[in-house]
Every structure is written in C-alpha cells, then in structure tokens.
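Trainee: To start, I am sharing the structure in question, which I have written as structure tokens.
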Amino acid sequence: KYPRPINKDISILRSHDVDFLYLPRANQIYPHGHNKKIEINSFEKKLCGRFRPGHFRAVTDVIERFNNIIRPKRIYFGEKDMQQLKIIEDYFKKKKLKNKIIGCKTIREKNGLAISSRNLLLKINEKKLASKIYKLIIKDKPKIIKNKKILNDLKKQILSLGVKKIDYLEIYDINKLIKTPKIKKKHKIFIAYYLDKVRLIDNI
C-alpha cells in the first residue's frame, strides 16, 4: 500500500553515486515462506505493535534475510520508526551479529512534518494539519515530561483540529525501551494518527 516510485528512487541513488541496488522479488526472499519462529523483544507489543500484530516479527525476518544475503558492515534505519530501530538493535545484539546498526535522524519538511513516502498521499490541507500537530507536541513536550497526565489534554487538542483517529499518544524514555538503561534520560513522545485514510507515525 506504500507509494513505490522506483524510477524516482533509482534516480536519487544515481545522483549520490550509489554503485548497487538490490531489488529482489518476494519469492527470492521467501522461497519457503516466512519464519514464524522468530523471537524478538517484548517491546513489539507496545505502540504500533498493538495495532499491527506480527508486523515487527516480519520486519526482523526480512532484515535478517537481507543481512544473510548482502553481509553489510553497517545497516541504517530512520529514527522516525524508533520502535523498529530499537527492536532490530536488540535482536542483532542478542544474536551477536557483528553488523553496526545506525539510527538516522528524522528529516523533516520546513513545516515540521516528518518526511515519509506516505506524505505523497496527503492533501495540502492535511499537510498543514500535520504541521500543527508537530508544533503542538513540541510546545507541550517539556510539560508532559514533568506530568504525563497532560497527554490527555494534548490528545483532545489534536482531535479538535480535525484528526480522524489517534491510535496512540505516549511518552517513553527511549534508553529504557529494551531494558538497556543509560544514565541520561531521553524522552520521546510517540504518536500514530490518521488523516483521512493515511496513517502517520512520529516521535518527537
């Protein structure tokens, strides 16, 4: 269901002097079906995992398959899907795989909207609404860190702007998400919401 502008993607890769593009067919990656026995961190059951059961197991499965085929030294994941990044980091660590998992900072449009292929599905007024939501969260984040109850007020504000549905609006210390706490706390507000039929996720 994601937009797949392959020719545009290839053009971008060429402009950055990328030497190789691996673009396999599904039957090349899953000649014998999915690995249903894959085990990942229980964090999969929170946030997006509550609404997409099995999703992160499937992601981990395909990443492991790519890793076995390509054998990269470094693998890059966008921090926009922080849950995915943390689950993959934990999986590779427990399997003692030597690849370096690198999180890439979320790139945003000038209005604050996190860049995503799904943005191509948004109308102009929906992009403006997404920008307002980002600015609301940024503004209220310091207060929410001190008092999580403010999240309920923020949720009401977002819905009043015209958002169709909010799957979740939660705050976590990302250094404790996969039970590897560090000294310094780093809070992120996680949100998943719908603008018409388009589901957007972000963490701020």
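The values are calculated or read from the model by the stated rules, or taken from the named source; none is laboratory data. Source: prediction; values computed, not measured. We place every Cβ from the backbone using ideal geometry, glycine too, and count neighbours over all the protein chains shown. Note: areas computed on protein heavy atoms with side chains; ligands, DNA, RNA excluded. Shrake-Rupley method; radii C 1.70, N 1.55, O 1.52, S 1.80 Å.
Trainee: Scanning region 85-117 for residues that are part of a helix (DSSP H, G or I) and open to solvent by less than 40 Å² (accessible area, probe 1.4 Å), which turns out nearest to LEU200 (Cα to Cα)? Step through it out loud before you land on a result.
Mentor: As a first pass, look at region 85-117 and keep what is part of a helix (DSSP H, G or I): 85-94, 117.
Okay, now just the ones that are also open to solvent by less than 40 Å² (accessible area, probe 1.4 Å), so 85-88, 90-92.
Working: LEU85: 17, LYS86: 19, ILE87: 20, ILE88: 21, ASP90: 24, TYR91: 25, PHE92: 27 Å.
Among those residues, the one meeting the criterion is LEU85.
Trainee: Further question: Going by the structure shown, is TYR2 among the aromatic types (Phe, Trp, Tyr), in contact with a Lys or Arg (Cβ under 9 Å, 6 or more places away or on another chain) and open to solvent by 40 Å² or more (accessible area, probe 1.4 Å)? Write out each step before concluding.
Mentor: On the way: among the aromatic types (Phe, Trp, Tyr): yes; in contact with a Lys or Arg (Cβ under 9 Å, 6 or more places away or on another chain): yes; open to solvent by 40 Å² or more (accessible area, probe 1.4 Å): yes.
Judged against the criteria, TYR2 is a match.
Trainee: Only one of (1) farther than 15 Å from TYR76 by Cα; (2) modelled with pLDDT of 95 or more; (3) in contact with a strand residue (DSSP E or B) (Cβ under 8 Å, 6 or more places away or on another chain); (4) of a type in the set (A, V, I, L, M, F, W, C) fails for CYS104. Which number is that?
Mentor: So the condition that CYS104 fails would be (1).
Trainee: Looking at region 151-182, which of the residues that are surrounded by fewer than 12 Cβ atoms within 10 Å (Cβ to Cβ) and either under 17 Å from the mean Cα position of the chain (by Cα) or of a type in the set (S, T, N, Q) (or both) is farthest from ASP90 (Cα to Cα)?
Mentor: SER160
Trainee: Looking at region 118-150 only, could you name the residues that are closer than 26 Å to ASP9 by Cα, open to solvent by less than 30 Å² (accessible area, probe 1.4 Å) and assigned to a helix (DSSP H, G or I)?
Mentor: Once the filter is applied, which keeps residues that are closer than 26 Å to ASP9 by Cα, open to solvent by less than 30 Å² (accessible area, probe 1.4 Å) and assigned to a helix (DSSP H, G or I), region 118-150 yields ASN119, GLU126, ALA130, SER131.
Trainee: Same structure, new question: Which of the residues that make up region 151-195 are at pLDDT 95 or above and assigned to a helix (DSSP H, G or I)?
Mentor: LEU151, ASN152, ASP153, LEU154, LYS155, LYS156, GLN157, ILE158, LEU159, SER160
Trainee: Within the group ILE40, ILE63, which residue is assigned to a loop (DSSP other than H, G, I, E, B) and surrounded by 14 or more Cβ atoms within 10 Å (Cβ to Cβ)? Even if it seems obvious, please write down each step before you answer.
Mentor: Details: ILE63 fails: assigned to a loop (DSSP other than H, G, I, E, B).
From the options ILE40, ILE63, the qualifying one is ILE40.
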